[in-house]
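Notes to accompany the following structure.
Please treat every number below as a calculation from the coordinates, not as lab data. Because the structure is predicted, anything quoted here is derived from the model rather than measured. Note that each Cβ is placed from the backbone with ideal geometry, even for glycine, and that neighbours are counted across all protein chains shown.
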Amino acid sequence: MLSTTLTKAARATSRTITGAASSRGFSVLTATEEFPDLPATSTATKKASSSSVTALPSGLTIVTEDASLVSTVSLTFPNAGSSNEHPSEAGAAIANRYLSFKSGSGLSSAMIIRNLEDVGASLFSFSGRRGASLGYTAAKENAAFVASLLATTTESSFEKWDVQEAQDLAAAESVEAAADPQAALSDQIYAAAFGAQSTMGRSYYTSGASRASIMSFRDRAYTLNGAVLAATGVDDHQAFVRMVEDEFPMPGPGNLPEAVILEYMGGEARAPTSAGDTHVALAFEGPSSAPLMNVLKHCLGASAFASKGIIGVCGGSTPSDASGTLDVLSKTIVTAPSADAVAAAKASAKGEALKALDSGSQSLAGAMTASILDSRGFSAGALAELYDAVTADDVCKAHAAMLKSKLSLAAVGDITGVPYHATIEARFA
């Protein structure tokens, strides 16, 4: 998913890695790096990390690693994004984000939160077009003890006050996003690329979902079949798996929600306002390989963004300079990368991907989850090899193929000076 900014989405894409179930060694943050205000309590050095993956009959995949000095436990539902909403469920994905850690499985919201706070857990939840995640970070000796509380997310009791609060918070976030030009530009580039009427092209920031649609979406999308439970700082993988088997609901796998078919279309989408700057984005269909797309993104420079199925550049200007800004962006995206540019882009993309593994336990858990969803395995050691295997010829071919797809144009703000799609597309003929 693109987040509220195109650049954040590009960084999220770079965290997708591929590999086998067990990893070679890599370093993790020390306690001082994770919490810089804490005094040192030991002279222990970083140790090599190993990871383990187990797929349960319910369809839930568990991935753990053992070197982090704190634990993040994250449960991800890849089918709980807005792209999986039925037409009658528009807005259900964002509302369900705010039902995280709410009443369920016979426990009240207060009880769930109190148990997590008692062990010093820091909670998080987020969702987007392509899924939803929730979890917490805590001291590793306490993290597994309360991991079963995440299971309540699949058995929400939908208390009236919980649902009403979720609806109110979703509405507030939608209003905030509407006032954010970067969030609006993200919406418009998706609408241009996949069609405004498609579930992928429709805005994630949709309010007004009914109680019934929120319930139907959660019952269908928040299932363990296809979900990923990632945990860092777990010393005993098998013991953690046994805990999950004992505490999480384990029905038969059943049927997965229907997969969303991403069909890139290309076109234009505009959101005019009467005042303000002009924000524009140009995009094309991107390569299917995440490492290759990430390298290509870095070849396009600081204005580039990339997400699954789409890659491009964006910029802002005053209304009178909009055409000139598009000229610059067009030249940037059409220029074939040189061998030196590819080498520099490989180094940057590889470093960015590796940094995601070494930027704290939550970042690591996210990278582990992305790898499982991408390849059904996790191997930190294979990550560098994937980027090293990308050649200059691969990037040039991907760049040429990108330009052969149809242009997507998004414009937000004062768009009076923005040329129409056909005029801009002619520059790439």
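Points worth noting:
- Averaging the Cα positions of each part gives two centres, and for segment 305-338 and segment 157-177 these lie 36 Å apart.
- About its Cα centre, the chain has a charge dipole of approximately 760 debye under the convention of +1 per Lys or Arg Cβ and -1 per Asp or Glu Cβ, with nothing else charged.
- Placing unit charges on the Cβ atoms of the charged side chains and taking the dipole of segment 96-252 about its Cα centre, the candidate lying farthest along the positive direction among LEU229, GLN188, ALA166 is GLN188.
- Radius 15 Å from Cβ of THR423, net charge of other residues (Lys, Arg +1; Asp, Glu -1): 0
- Taking Lys and Arg as +1 and Asp and Glu as -1, the other residues whose beta-carbon sits under 14 Å from that of GLY266 total -2.
- Principal-axis tilt of helix 339-357 within the chain, Cα atoms, nearest 10 degrees: 30 degrees
- Radius 12 Å from Cβ of ASP277, net charge of other residues (Lys, Arg +1; Asp, Glu -1): -2
- Sequence-distant contacts, meaning Cα pairs under 8 Å at least 6 residues apart, place the relative contact order of the chain at 26 percent.
- Once exposed loop GluC sites (Glu not before Pro) are cut out (DSSP; at most 12 other Cβ, 10 Å), longest piece of the chain: 1-257
- Basic side chains Lys and Arg get +1 at the Cβ, acidic Asp and Glu get -1 at the Cβ, and with that the dipole of segment 47-140 about its Cα centre reaches some 100 debye.
- By average C-beta atoms within 10 angstrom, highest first, the peptides 292-300, 230-238, 355-363: 292-300, 230-238, 355-363
- Order of THR137, THR423 - criterion: other Cβ atoms within 10 Å of each residue's Cβ, fewest first: THR423, THR137
- Among the chymotrypsin sites (Phe, Trp or Tyr not before Pro) within segment 365-429, those in coil by DSSP and having at most 13 neighbouring Cβ atoms inside 10 Å are TYR420.
- Where both bridge residues fall in the chain, DSSP classifies roughly 85% of the beta bridges as antiparallel.
- For GLY128, the residues whose amide H sits under 5 Å from its own are SER82, ignoring neighbours fewer than 5 places away on the same chain, with H placed 1.01 Å from N.
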